[in-house]
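S.K.: Dumping the structure here so I can ask a few things about it.
Nothing in this text is a laboratory measurement; each read-out follows from the coordinates by a stated rule. Here the structure is a predicted model, which means the values were calculated and not measured. Quick reminder, even Gly has a Cβ in these numbers, built from the backbone with ideal geometry, and neighbours come from all protein chains shown.
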Amino acid sequence: MSTITTQQVETSYTLAKERYAALGVDTETAMHTLASIPISLHCWQGDDVGGFETPDAVLSGGGIQATGNYPGKARTPDELRADLDKAFSLIPGTHRLNLHAIYGDFGGRRVDRNEIRPEHFSQWINWGKERKLGFDFNPSFFSHPKADDGFTLSSADAGIRQFWIEHALACRKISEAFGKALGTPCVHNIWIPDGYKDLPADRKAPRERLRDALDTILAEKLDAQYVRDAVECKLFGIGSESYVVGSHEFYMGYALTRKTLLCLDTGHFHPTEVVSDKLSAVLTFLDEVLLHVSRGIRWDSDHVIILSDELNALAQELVRGDYLKRVHIGLDFFDASINRVAAWVIGTRNMIKALLLALLEPTATLQEYELDGDFTSRLALLEELKTLPFGAVWDYYCLKHDVPAGYAWLAVVKQYEKDVLSQR
C-alpha cells in the first residue's frame, strides 16, 4: 500500500490554500477552528454493545442489535481501552469518550444497575486523565431482566419503574464524578427502549409515567460545569414498531420545559427526515443540542457513517448557523461485521472531514448571494466548491496532528489486528 510523503502533502496543500484563498477562504483558520471541535467516540463500537457486567455478555431486549461476528472484539475494560488508544492515535484532533453504564470495571462481581457507583469507573477516570479526555455517559436501559418486557421508566409496574429511576440517579452521580475529575462537563444522556410492538390502547399513561420518572431523576440540580442532562427521542425500535413512549414530540416538549439538552440521533427518524433540517428549528428555542451521528439503512441500523450528502449537510448547518459552541457531537454506530477499530477510525475521520468541508465554505459570500436573491450565483458557487482540492487540506491537517494522511492509517490497523486482535 503506497503512502503519501510529507513533501507531497505540503506541496499539494500550498496549491489548495491558494485555490481556497481566491474564494476568500482561509484554510489555516478553518483548520484552527476544526481542532477545537471534539467528537465523542462511543465505547460500544468496540464490543458490539455487550458491556462488562458478566463474562461474554450478549445483548437481550431493548431494541438494540449488533450484527456480524468479526474476530477480535474487546472482552475486558483493559482490552477496550487499548483498542480506543489505537483508534485515537489515528484520528486528528483532541476528542472525547462516550461510555455506557454497562462498561464499568466490576472486577468480576455482579453489580446491579441501581448499585453502580463512581468507583466502578475509577480506572476509566485515571485513563481519561492521562490522555486529557473528556467523558460523556449514558444509563443502560437494556439487556437486563427488568427491561425484558420493553418498558423501563414508563413501566406500569412501580417497582420496575423505581429500579430504573435509581439506575438513572446513579448514572447522574457518575457523570458528575467524570465532570469533576476530568475538568469538562459530562453530557448525561437518557435513552429508553420503551414502547409496543403492536398498536397500544393507551398512549397517554406511559408518557405521563415517563414524564414523572424523568422529573424525579432530574429533580436535583447538578452544576452545569460538571453535568449536562440530555433526553433522546426515537421513531421506532425493534419491539417498539408501533409506539415509542419517548417520541420526538415528547422529548422536544420535555427539553423545552425542563431546560435539558435534546439529543437528535440521525438514525432515529423516518428515512425521509433529515436531522440537518431540524437543527436550526430546535436551536431557535433550545440552548444546546446533543447529536448522535449514525447511518441508518432502511431502519435505525447504526451503520458506520460515511461522507454522505446528509453528513455534509449536518456539518454545514453547524457551521452556517454558528452552532459549533451549542452542539455536542457524539457518534453512535456499531458494526460487528468489520474490524471494530477501523470502524471507529473511518466514522470519526468522516465526521471530521465533513466539518472541515463546511469550514472551507465561503459562508458569508453564499449567504450574501441568498439575501440579494442571487440564487444563480449561490448554486454555481456551491457546485464549484465540490471540486476544490479539499483532500489536500485534509491530508495536511492530519500531518499537523501527527496521524497518517490518506489511506496509510489502515496499515496500522491491519498490523494491530495481526499483533493484538487476532490473539483474542
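S.K.: What FRET efficiency comes out for the pair Arg109/Asp287, r = Cβ-Cβ distance, R0 = 30 Å, nearest 0.05? Spell out each step's value before the answer.
M.R.: Working: r = 40 Å, r/R0 = 1.34.
Efficiency at R0 = 30 Å is approximately 0.15.
S.K.: When a/c is below 1.5 the answer is rounded, else prolate if a/b is larger than b/c, else oblate, so apply that to region 37-359 with a ≥ b ≥ c taken from the square roots of the Cα gyration tensor eigenvalues.
M.R.: Values: a/c = 1.27, a/b = 1.08, b/c = 1.18.
Rounded.
S.K.: Continuing with the same structure: With a cap of 11 neighbouring Cβ atoms within 10 Å, and only residues DSSP puts in a loop, list the trypsin sites (Lys or Arg not before Pro) found in region 79-135. Write down the numbers at each step before the final one.
M.R.: Working: sites: Arg81, Lys86, Arg96, Arg109, Arg110, Arg113, Lys129, Arg131, Lys132; in loops: Arg109, Arg110, Lys132.
Qualifying residues, ordered by number: Arg109, Arg110, Lys132.
S.K.: Separate question: Which of Leu90, Leu235, Leu360, Leu23 has the fewest other C-beta atoms within 10 Å, and how do the rest follow up to the most? Display every interim value, and only then the final one.
M.R.: Details: Leu90 22, Leu235 19, Leu360 25, Leu23 14.
By the 10 Å Cβ count, ascending, the order reads Leu23, Leu235, Leu90, Leu360.
S.K.: Right, something else. Hey, what did the chain get for relative contact order, percent, Cα under 8 Å, at least 6 apart? Each step should come with its number before you reach the end.
M.R.: Values: 763 pairs, mean separation 90.8, N = 424.
With pairs under 8 Å counted, the relative contact order is 21 percent.
S.K.: Tell me, in nm to one decimal, what length is gained between Asn126 and Glu370 on full extension, where the rule is 0.36 nm per residue of separation less the Cα-Cα distance? All intermediate terms of the calculation are to be shown ahead of the outcome.
M.R.: On the way: separation 244, 0.36 × 244 = 87.84 nm, distance 5.01 nm.
So the chain would gain 82.8 nm between Asn126 and Glu370.
S.K.: Something else about it: Using DSSP to define loop residues, name the trypsin sites (Lys or Arg not before Pro) in region 275-319 whose beta-carbon has at most 13 other beta-carbon atoms within 10 Å.
M.R.: Details: sites: Lys278, Arg295, Arg298; in loops: Arg298.
Taking region 275-319 and a limit of 13 other Cβ atoms within 10 Å, the loop trypsin sites (Lys or Arg not before Pro) found are Arg298.
S.K.: Kindly put Thr272, Thr76 in sequence by how many other C-beta atoms sit within 10 Å of each C-beta, fewest to most. Working shown, then result.
M.R.: Values: Thr272 5, Thr76 13.
Ordered by Cβ neighbours within 10 Å, fewest first: Thr272, Thr76.
S.K.: Can you list the residues, at least 5 places off or on another chain, whose amide H is less than 5 Å from the amide H of Val227, using H built in the peptide plane?
M.R.: The answer is Cys186.
S.K.: Most mobile of Trp299, Trp164, Trp344 per a Gaussian network model of the chain (Cα springs, under 10 Å)?
M.R.: Trp299
S.K.: If you restrict to DSSP beta bridges whose two residues both lie in the chain, what percentage is antiparallel, to the nearest 5?
M.R.: Working: 3 of 31 bridges.
Within the chain, antiparallel bridges account for around 10 percent of the total.
S.K.: Taking Lys414 as the anchor, which lysines have their alpha carbon closer than 17 Å to its alpha carbon, excluding any fewer than eight residues away along the same chain?
M.R.: Output for Lys414: Lys73, Lys86.
S.K.: Among the listed pairs Lys353/Lys400; Lys197/Lys259; Lys132/Lys325; Lys132/Lys180, which have their C-alpha atoms separated by more than 22 angstrom in this model? Could the numbers behind the result be given before it?
M.R.: Working: Lys353/Lys400 15 Å; Lys197/Lys259 31 Å; Lys132/Lys325 20 Å; Lys132/Lys180 13 Å.
Beyond 22 Å between Cα atoms: Lys197/Lys259.
S.K.: Out of region 249-295, which GluC sites (Glu not before Pro) are coil in DSSP terms and have no more than 16 other C-beta atoms within 10 Å?
M.R.: Numbers: sites: Glu249, Glu273, Glu288; in loops: Glu273, Glu288.
Hits after loop and neighbour filter: Glu273.
S.K.: What's the FRET efficiency of Glu241 with Arg75 using the Cβ-Cβ distance as r and R₀ = 35 Å, to the nearest 0.05? Kindly include the intermediate steps, with their values, before the conclusion.
M.R.: Details: r = 33 Å, r/R0 = 0.94.
After rounding, the FRET efficiency stands at 0.60.
S.K.: What number, rounded to the nearest 500 deg cm²/dmol, is the helix-based mean residue ellipticity at 222 nm of the chain, given -39500 (n - 2.57) per DSSP H run of at least four residues and division by all its residues? Before the final figure, lay out the partial values.
M.R.: Numbers: 14 runs with 178 residues, N = 424.
Roughly -13000 deg cm²/dmol at 222 nm, from the helical runs in the chain.
S.K.: List Leu399, Leu371 from most exposed to least, where exposure is judged by having the fewest other Cβ atoms within 10 Å. It would help to have the intermediate numbers written out before the result.
M.R.: Numbers: Leu399 17, Leu371 9.
By the 10 Å Cβ count, ascending: Leu371, Leu399.
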